[in-house]
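All remarks here apply to the structure that follows.
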Amino acid sequence: MILYEEDEDCDASSVCTLSDNESKPFRVKAVRFNHNKSSRLVTIFAAIGYLIFGALYISLWVRFKRLESKVRTLEPELFPSLTRSPAFRRDSRTFPLTVARTPFTGIPGPELDQAWHDLLKDTTIRVAKEDLDYYNVTSLPLADGSGFASEIFMTHELHCLKKVRQWIYKESYFEHVQGLARNELERHVRMLS
């Protein structure tokens, strides 16, 4: 910072300048700040800032790890007997995000029908009586008496989507279906729309 003071006796040993009206010379005095003291303050504030941000980071990291461990221990909402059963497996399939040019679209044909058949193959599951009671639902008993037939909701929705697709091409899929059976198919599709 530079201070200017009025000085009548401006000599050669000092730096002088003239004021705006150029009648009185001014001596230029340089004032030095104590850089040592200001740098200590900056260092202290920076250290406090780092400590605060470090504590915040550690706190968020600990919360994230706790949440992550809770999520990993969550069981999917399944029938009670399936959560205890080793028979339940997760099957992860990757499908393209676009609708066009997938094996599940297009005009009716053997390849398209096979793709839908493979997608929905083995989606019926066996559940126990306690499972049906847990959800207050009923189902058909299996022929061998080992439980009851059921489906996971997502596979049921895919089954309904398949029926809607087939109804669009009903001349190909339901040409020979008449009477009550055809009315039931139509009712099923209308309920979905």
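Remarks
- A single member of Gly106, Gly145 is more than 29 Å from Tyr173 (Cβ to Cβ) and in a loop (DSSP other than H, G, I, E, B), and it is Gly145.
- Any hit, segment 152-172, residues being open to solvent by less than 60 Å² (accessible area, probe 1.4 Å), hydrophobic (A, V, I, L, M, F, W, C) and touching a strand residue (DSSP E or B) at 6+ places or on another chain (Cβ under 8 Å): no
- Screening Thr83 on (1) open to solvent by 50 Å² or more (accessible area, probe 1.4 Å); (2) over 30 Å from Glu171 (Cβ atoms); (3) at pLDDT 85 or above shows it passes everything except condition (3).
- Any chance Lys37 is open to solvent by 80 Å² or more (accessible area, probe 1.4 Å), part of a strand (DSSP E or B) and at pLDDT below 90: no
- For segment 164-193, the set of residues classified as farther than 18 Å from Phe104 by Cα and not in a helix (DSSP H, G or I) consists of Phe174, Glu175, His176, Val177, Gln178, Ser193, listed by residue number.
- A count restricted to segment 112-140 and to residues that are assigned to a strand (DSSP E or B) and either within 30 Å of Glu175 (Cα to Cα) or open to solvent by 90 Å² or more (accessible area, probe 1.4 Å) (or both) stands at 2.
- Condition met for Ile2 (among the hydrophobic types (A, V, I, L, M, F, W, C) and either open to solvent by less than 60 Å² (accessible area, probe 1.4 Å) or modelled with pLDDT of 70 or more (or both)): no
- Qualifying residue in segment 99-111 (condition: closer than 29 Å to Leu192 by Cβ, open to solvent by less than 100 Å² (accessible area, probe 1.4 Å) and modelled with pLDDT under 85): yes
- Among all residues of segment 173-192, there is none that is small (Gly, Ala, Ser) and in contact (Cβ under 8 Å) with a residue 40 or more places away in the chain.
The values are calculated or read from the model by the stated rules, or taken from the named source; none is laboratory data. Keep in mind it's a predicted model, so treat the numbers as computed, not measured. All Cβ positions, even for glycine, are placed from backbone atoms using ideal geometry, and neighbour counts span all protein chains on display. Calculation scope for accessible area: heavy atoms of the full protein, side chains included, ligands and nucleic acids excluded. Shrake-Rupley method; radii C 1.70, N 1.55, O 1.52, S 1.80 Å.
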